[in-house]
Amino acid sequence: MVKRWQHILLHQLLLFLSKAFVLLSLCTSIASSKPANPALPQASRPLNSTLPSDALALVDFKSKADLNNSLPFTAKNALYFCKWTGVQCAQWKVVRLVVQGLDLGGVFAPDTLTRLDQLRVLSLQNNSLRGPIPDLSGLKNLKSLFLDHNAFSGSFPPSILMLHRLRTLDLSYNNLTGPLPTWLTMKERLNYLHLEWNHFNGSVPALNQSSLQDFNVSGNNLTGAVPVTPTMLRFGPSSFTWNPGLCGEIIHKECRPSAPFFGPTSSEASAPPPPTVALDQSGQVRGVELAEPCEKKRKRTKVIIGFSCGVFVLICSLLCFVMALKKQRKQKGMSPIMAADVAAAEQAAAVMQIEEEKELEQKVKKVQGLQVAKSGNLAFCAGEAQLYSLEQLMRASAELLGRGTVGTTYKAVLDNRLIVSVKRLDATKLAGTTWEVFERHMESVGGLRHPNLVPLRAYFQAKEERLLIYDYEPNGSLFSLIHGSKSTGAKPLHWTSCLKIAEDVAQGLSYIHQAWRLVHGNLKSSNVLLGPDFEACVTDYCLSVLTNSSSENDDPNCAVYKAPETRNSNHEATSKSDVYAFGILVLELLTGKPPSQLPYLAPDEMMEWLKKAREEEGGEDNRMEMLVEVGIACSLTSPEQRPTMWQVLKMLQEIKETVLMEDSELDPHAGMS
């Protein structure tokens, strides 16, 4: 009997243990399917009433993009969103989303996937998504972006600039239009860039990132010469095919020369080609030029010259013959004294006529481009090789780059394919500057050589005309980088880019002040150009001493750059007024707003206003504040309270060293692709 009860108890015990084991297994299975992050707030846990933020972002994306209901992204199964097709999570956050070849057919709506702030990889390739690419700046940790083989339209997404960790970008096989942005050269981590088979136009950016290993822009409408940089030389013609307008050394296609800078007038053209600016030797704008073969031009010019000379000689002969007949008739009926007076008067009239004819002849020759100035008028700066002559400069094609406070700037392409920047100084701004003063000052300025100064290579003066020849910087001005695309509403530059640009400018100004004891006098964002490696280079330096300071400038932004002590026309620019302009430049960099929109605030108020203007960068406030403090210190009202440019440079270098020390720790996500 006892044994029987023992068996029963043992059986009940085993049954209880088996149920407990099943229950324990079930609990373990449920627990394993839930996030293992105890710090997650209860409000954001996956309940029927409240979805996790990343799950909600995926559901919102599906509602606009998935017209064929191919994705399992629904609120009902949001508990398991980390197990959805193509989704990979880390600590309850989506880090990888690969949704390919599902023929989604809708649109990539704004404020959907862009809320996945921990996303590292996004691939939507081989679908049928249409419409513009939304603002992607919220994907701060994105490293790889594949949007190829869709039907996206619109321009190149400007928000790509804000993705500072991006390494891989594929926008190929879409319907994107417009130019390729020059700021692509700033993406220093980029190693894969495919933009083929879209409708992009304009020129190819001068990419020179050492990291770039894979590149393709085939099948677009790009034009002009492919920039020759060490990076671009890695890629052969296959990276540029099906762009009929491209030329240059890399694709083994010769670029046709465009219209001359100082060539013949449009009257010699037989048909109206696309106009380009052409100047005569004195720098006067003369109209357009038709690009013809050189031999044909020469023959035509000879015929015109010969015909003109023949007509001129014939007219002079007829005039002389008629005058001789009149003289003989009149002298027959006059007294000797009266005849002598008439003869003298007629001789004076003949001399005047000859002078007028000579003057007319000179004007005709000038219009025809036949008058050649002496080569000595084109003066190369000390140590510069004479790579071109004045005649070559006159034949160069010209493209208007902009009009500034001291003159007009052109891009000139010489017949030896050398590209230079030519600044034609405004004669009214140089009133009172003699030939000798101008030459002596240009010799001093031409001796300035620094990596952050655009070098002055040569200068030219003839009568009232003065030209300055600089290196051509391919990436435009800092003003264009900051304010170039107002329609997109782009955010200000990342503060690290601001620090790099500010340090470059400070290097150039400090060199001018310390080594040569000169001043810039006209510092502003449009006078800071971006070189081949996107280094900031200062231009238009040291010209203010030659210009008429009383001349008015209607641009309110230029007025803000002027230090308070120099706003009176009787006070010249100083090194401390350069520091003031530099401070305004730093604030313009950080806010992305024109100087005329900067408020006059106390330093503490300015700091708060700047944070709001940048819409907070999160985690970078302390670093940015250091740079803001430099800008505020430079733009103080009293010149005595402002630091010198050398002190400013040391401040910026200390900020950079601090950042490098803080960033020296390994990135915990560095190994994640």
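When residues in segment 381-416 are screened for being touching a strand residue (DSSP E or B) at 6+ places or on another chain (Cβ under 8 Å) and surrounded by fewer than 16 Cβ atoms within 10 Å (Cβ to Cβ), 7 of them pass.
Applying the selection to segment 91-116, what residues are closer than 15 Å to Asn141 by Cα and either touching a helix residue (DSSP H, G or I) at 6+ places or on another chain (Cβ under 9 Å) or not assigned by TED's automatic domain parsing to the domain that holds Leu56 (or both)? Within segment 91-116, Lys93, Val94, Leu97, Leu113, Thr114, Arg115, Leu116 qualify.
Return the residues of segment 156-175 that are touching a residue at least 40 places away in the same chain (Cβ under 8 Å) and not charged (D, E, K, R); say none if nothing qualifies. Correct list: Phe156, Pro158, Ser159, Leu161, Met162, His164, Ser172.
Any residue at all in segment 127-149 that is surrounded by fewer than 19 Cβ atoms within 10 Å (Cβ to Cβ), part of a strand (DSSP E or B) and either touching a Cys at 6+ places or on another chain (Cβ under 7 Å) or among the small types (Gly, Ala, Ser) (or both)? Scanning segment 127-149, I find at least one residue that is surrounded by fewer than 19 Cβ atoms within 10 Å (Cβ to Cβ), part of a strand (DSSP E or B) and either touching a Cys at 6+ places or on another chain (Cβ under 7 Å) or among the small types (Gly, Ala, Ser) (or both), so the answer is yes. The single condition among (1) buried (at least 20 other Cβ atoms within 10 Å of the Cβ); (2) not in a strand (DSSP E or B) that Ser159 does not satisfy is (1).
In segment 60-74, is there at least one residue being touching a residue at least 40 places away in the same chain (Cβ under 8 Å), more than 12 Å from Leu124 (Cβ to Cβ), assigned to a strand (DSSP E or B) and assigned by TED's automatic domain parsing to the domain that holds Leu142? Looking for residues that are touching a residue at least 40 places away in the same chain (Cβ under 8 Å), more than 12 Å from Leu124 (Cβ to Cβ), assigned to a strand (DSSP E or B) and assigned by TED's automatic domain parsing to the domain that holds Leu142, one finds none in segment 60-74, hence no. The conditions of being out of contact with any Pro (no Cβ under 8 Å at 6 or more places or on another chain), modelled with pLDDT of 90 or more, within 26 Å of Val107 (Cβ to Cβ) and not assigned by TED's automatic domain parsing to the domain that holds Ser397 are met by Asn175.
The values are calculated or read from the model by the stated rules, or taken from the named source; none is laboratory data. Note that this is a predicted model, so its numbers are computed, not measured. Note: ideal-geometry Cβ built from the backbone for every residue, glycine included; neighbour counts use all protein chains shown.
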